[in-house]
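To start, the structure itself, in structure tokens.
The values are calculated or read from the model by the stated rules, or taken from the named source; none is laboratory data. Not measured: the values here are computed from a predicted model. Using ideal geometry, Cβ is built from the backbone for each residue, glycine included, and neighbour counts are taken over all protein chains shown.
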Number of protein chains: 2
Amino acid sequence: MVRWEPGTAERLQRAALELFATRGYEQTTAAEIAQAVGLTERTFFRHFSDKREVLFQGQELLVQAFLDGIDAAPPEASPLEIVASALASAASFFPDERRPHSRTRQSVIDRNPALQEREQHKLTTLATTVADALRARGVDELAATLAAESGATVFGIAFTRWLREERSLADIAADVLAELLLLAEEAAQALRPTR
Amino acid sequence: MVRWEPGTAERLQRAALELFATRGYEQTTAAEIAQAVGLTERTFFRHFSDKREVLFQGQELLVQAFLDGIDAAPPEASPLEIVASALASAASFFPDERRPHSRTRQSVIDRNPALQEREQHKLTTLATTVADALRARGVDELAATLAAESGATVFGIAFTRWLREERSLADIAADVLAELLLLAEEAAQALRPTR
């Protein structure tokens, strides 16, 4: 059982990010992270299964934010409208105050191909969970998969832009989704007559 | 330098797939693959950098098929129309005769999370290359990324369906793209007035 130690995980996480960013992810050990905040390696492993986990913990909360947004969509909403609701809900998970932390985290991930693959895998898992939730609402298999994967695409692009810009993630995500809808309408006009 | 040995790579690949499928990927060594076709481990490593490579070699040919399709699109084509052309070109890379081989390969990948991550990463790399090619045609950054990632999504879904169905990959990919365009039009009507 993990003993309740307020703020310990957060302190470890902050110290880890600092060390990963300055010294490099590969070069930093769990023991060094713990030491930086006056704790033992054993305490570190009570909070995180490994040092990679420091960067990816909390994923289930983001997934839950997506699911809450899906639940909040009205019953008559079409698949991509439900996804729009999920994106709006997920955006609230990243308030602007979190941007500096997210930027540092991203700079660590961008320098390590294995972490990039892990991050990419996270988006894939997210898409699978969203597709399941859409199917549970009665959306058919193909539409659920397409809408969920498009949602993950929009979220990924919007998140990257949010790291560089100063606007809210909700605004950026809404704009990226709107651009996707525009592109689709443009192509639909040209492609349909030839089918 | 690799000495020219006609068919050796193909024989090794067939033997590897057979062993991966029957005995398990983890349980098969490069030496055993070579032995199965009367060759040495050294010969194996002249053709493949490791046993994983047996499953992923040829990726650059698929990427090239996408790029050829982009080149074939008329100058006035919109981003998703260019992607439609890329998908049609890529589909020709998987004629129906290849389905049994692709099914066996997929069954091996589906049983191994690390291979799944590698396969997912392949689609990500594909999307990046397609986005670069769209930008080189003058498509703006956001549209290029969205169209390329949507293309990778459509390809991934269509490929999975092609493994299970008997229709051609070109037909399935066209249908999946058409469904995406429909979903987008449906959502555009509902979302636009509220923006």
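Residue B:14 meets all of the listed conditions (1) among the basic types (Lys, Arg); (2) in a helix (DSSP H, G or I); (3) touching a Phe, Trp or Tyr at 6+ places or on another chain (Cβ under 9 Å) but one, namely (3). Among the residues of segment B:83-101, those that are surrounded by 15 or more Cβ atoms within 10 Å (Cβ to Cβ) and either outside any loop (DSSP other than H, G, I, E, B) or in the same structural domain as residue B:15 (by TED's automatic domain parsing) (or both) comprise B:83, B:84, B:85, B:86, B:87, B:88, B:89, B:90, B:91, B:99.
Can you say whether residue A:106 is in the same structural domain as residue A:64 (by TED's automatic domain parsing), surrounded by fewer than 22 Cβ atoms within 10 Å (Cβ to Cβ), of a type in the set (S, T, N, Q) and more than 19 Å from residue B:154 (Cβ to Cβ), as far as the supplied structure shows? Yes; evaluated as a whole, the condition is true for this residue. Within segment A:141-173, the residues that satisfy the criterion of being charged (D, E, K, R) and facing another protein chain (nearest Cβ under 10 Å) are A:141, A:149, A:161.
Of the residues screened, residue A:134 is one that is buried (at least 21 other Cβ atoms within 10 Å of the Cβ) and either modelled with pLDDT of 95 or more or within 14 Å of another protein chain (Cβ to nearest Cβ) (or both). Annotation note: of B:174, B:144, the sole residue that is out of contact with any strand residue (DSSP E or B) (no Cβ under 6 Å at 6 or more places or on another chain) and either part of a loop (DSSP other than H, G, I, E, B) or closer than 23 Å to residue A:144 by Cα (or both) is B:174.
Take the conditions crowded, with 20+ Cβ neighbours inside 10 Å and modelled with pLDDT of 95 or more and apply them to residue B:152. Does it pass? Against the criterion (crowded, with 20+ Cβ neighbours inside 10 Å and modelled with pLDDT of 95 or more), residue B:152 qualifies. Summed over segment A:93-118, the residues that are out of contact with any Gly (no Cβ under 9 Å at 6 or more places or on another chain), in contact (Cβ under 8 Å) with a residue 24 or more places away in the chain and within 14 Å of another protein chain (Cβ to nearest Cβ) give a count of 3.
Mind checking which residues of segment B:34-57 are in a helix (DSSP H, G or I) and out of contact with any Phe, Trp or Tyr (no Cβ under 6 Å at 6 or more places or on another chain)? Answer for segment B:34-57, where residues must be in a helix (DSSP H, G or I) and out of contact with any Phe, Trp or Tyr (no Cβ under 6 Å at 6 or more places or on another chain): B:35, B:36, B:41, B:42, B:43, B:44, B:45, B:46, B:47, B:53, B:55, B:56. From the list A:166, A:117, pick out the single residue that is closer than 30 Å to residue A:25 by Cα and either out of contact with any helix residue (DSSP H, G or I) (no Cβ under 7 Å at 6 or more places or on another chain) or buried (at least 22 other Cβ atoms within 10 Å of the Cβ) (or both). That would be A:166, the only listed residue that is closer than 30 Å to residue A:25 by Cα and either out of contact with any helix residue (DSSP H, G or I) (no Cβ under 7 Å at 6 or more places or on another chain) or buried (at least 22 other Cβ atoms within 10 Å of the Cβ) (or both).
One line per residue, one yes/no per condition, for (1) exposed (fewer than 15 other Cβ atoms within 10 Å of the Cβ); (2) modelled with pLDDT under 95; (3) small (Gly, Ala, Ser):
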position	(1), (2), (3)
B:5	yes, yes, no
B:8	no, yes, no
B:13	no, yes, no
B:22	yes, yes, no
B:51	no, yes, no
B:56	no, yes, no
B:67	no, no, no
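Just one of the listed residues (B:80, B:61, B:115) is in a helix (DSSP H, G or I) and at pLDDT 95 or above, namely B:80. As for segment A:123-131, it holds no residue that is surrounded by fewer than 20 Cβ atoms within 10 Å (Cβ to Cβ), within 20 Å of residue B:152 (Cα to Cα) and in contact with a Lys or Arg (Cβ under 8 Å, 6 or more places away or on another chain).
For segment B:18-28, the count of residues that are of a type outside the set (A, V, I, L, M, F, W, C), in the same structural domain as residue B:178 (by TED's automatic domain parsing) and closer than 22 Å to residue B:122 by Cβ is zero. Residue B:184 meets the stated requirement of being among the small types (Gly, Ala, Ser), within 8 Å of chain A (Cβ to nearest Cβ) and buried (at least 21 other Cβ atoms within 10 Å of the Cβ). Being under 23 Å from the mean Cα position of the chain (by Cα) and of a type outside the set (A, V, I, L, M, F, W, C) is a description that does not apply to residue B:42.
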